[in-house]
Amino acid sequence: LRDAVNGRNGAVAGLAGVLDALTAHRVHVLLVSDGYEAPGWHCGGCGRLAAVGRACPACKTTMDPVDDVVEAAVDRAMAQRIRLDVVVGNADLDVLGRIGALLRY
Ligand SMILES: [Zn+2]
């Protein structure tokens, strides 16, 4: 993941980038640091998950705050049958924002 992110080649890291990729159905493997939680936003209009609110960047609907958008992202990944890796004690992933994804394309 780290090499792919550094080369901007087939991967994203950090909450905002991962949520965008998830919304676009581009995630192949989702990597989450064990215990990572973060507040975020959910759009009732188009279903987008986002790190920053309050207006949805896609459909301009006012989004609802979510206590833990990481959990919501994991649920979304499961629904999309995406492979999920929960990573324990990986400093590389922590530096990258505690969440990352390998992309389909
Ligand atoms: Zn929306």
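Any read-out appearing in this document is the output of simple, stated calculations on the displayed coordinates, not a laboratory observation. What you are looking at is a predicted structure, and each value in this text was computed from that prediction instead of being measured. Glycine gets a Cβ as well: all are built from the backbone with ideal geometry, and neighbour counts include every protein chain shown.
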For Arg26, what charge total do you get from the other residues with a beta carbon under 10 Å from its beta carbon, if Lys and Arg give +1 and Asp and Glu give -1?
0
Mind listing the long-range amide H neighbours of Ala11? Cut-off is under 5 Å, sequence gap 5 or more, other chains count too, H placed in the peptide plane at 1.01 Å from N.
Leu103
Stretched out fully, how many nm does the piece from Met78 to Tyr105 gain, at 0.36 nm a residue minus the Cα gap?
7.8 nm
Residue-wise HN-Hα coupling along the range 95-105, computed from phi with Karplus coefficients 6.51, -1.76, 1.60 (Hz; x: Gly, Pro)
5, 7, x, 6, 8, x, 8, 8, 9, 6, 8
Rounded to the nearest 5, the percent of DSSP beta bridges in the range 1-101 running antiparallel is 70
Filter the trypsin sites (Lys or Arg not before Pro) in the range 13-66 down to the DSSP loop ones having no more than 12 other Cβ atoms within 10 Å, then list what survives.
Arg54, Lys60
Please report, in debye to the nearest 20, how large the charge dipole of the chain is about its Cα centre when each Lys and Arg carries +1 at its beta carbon and each Asp and Glu carries -1 there.
560
Ala38's amide H: which non-local residues (gap 5+, or another chain) put their own amide H closer than 5 Å, with H modeled 1.01 Å from N in plane and none for Pro or chain starts?
Val69, Val70, Glu71
Over all pairs of distinct alpha carbons, what does the Kirkwood formula give as the hydrodynamic radius of the range 29-105, in Å?
13.2
